[in-house]
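Working notes, beginning with the structure itself.
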Amino acid sequence: MRPWESCIFTAEDERNFVRKFLGPTFKRSGLPKVKIIIWDHNRGIMVQRAKVVYGDPEASKYALGMGFHWYVGDHFDNVRWVHDAYPEKQLLLTKGTPASFETQKLGDWQGGKLTHGRS
């Protein structure tokens, strides 16, 4: 069985990858308008990630913004902090659910689709 976090990049790994490889590759390939979203994970340590990646001007220039998930903890203050510290960067909600996570419901797709009264 794979661990839950199967692709673990440190903030420094992501910064280096964006700065040295991904950003320059897009630029060289004539894709300068393709934007990179960093992090794309839970809000808990998004401040630390932003400080490392956005704190490097070379990496930061390639990042449109940060993706984050809207579950696991009440770290709403982290979203506000990143917004206030880096107002030029986008914040994108990339995953969220109104339901609480319950281990005993793993594999149950009942809550996987909400129609809000539409079919």
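The values are calculated or read from the model by the stated rules, or taken from the named source; none is laboratory data. This is a predicted model, so every value here is computed, not measured. Glycine also receives a Cβ, built like all others from the backbone with ideal geometry; neighbour counts cover every protein chain displayed.
Structure values in brief
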| item | result |
| --- | --- |
| Selection from region 14-50 of residues that are basic (Lys, Arg) and crowded, with 16+ Cβ neighbours inside 10 Å | 15, 19, 43, 49 |
| In region 63-78, residue surrounded by the most Cβ atoms within 10 Å (Cβ to Cβ) [restricted to those that are touching a strand residue (DSSP E or B) at 6+ places or on another chain (Cβ under 9 Å) and modelled with pLDDT under 95] | 68 |
| Subset tally (residues that are over 20 Å from residue 76 (Cβ atoms), in a helix (DSSP H, G or I) and among the charged types (D, E, K, R)) for region 15-64 | 6 |
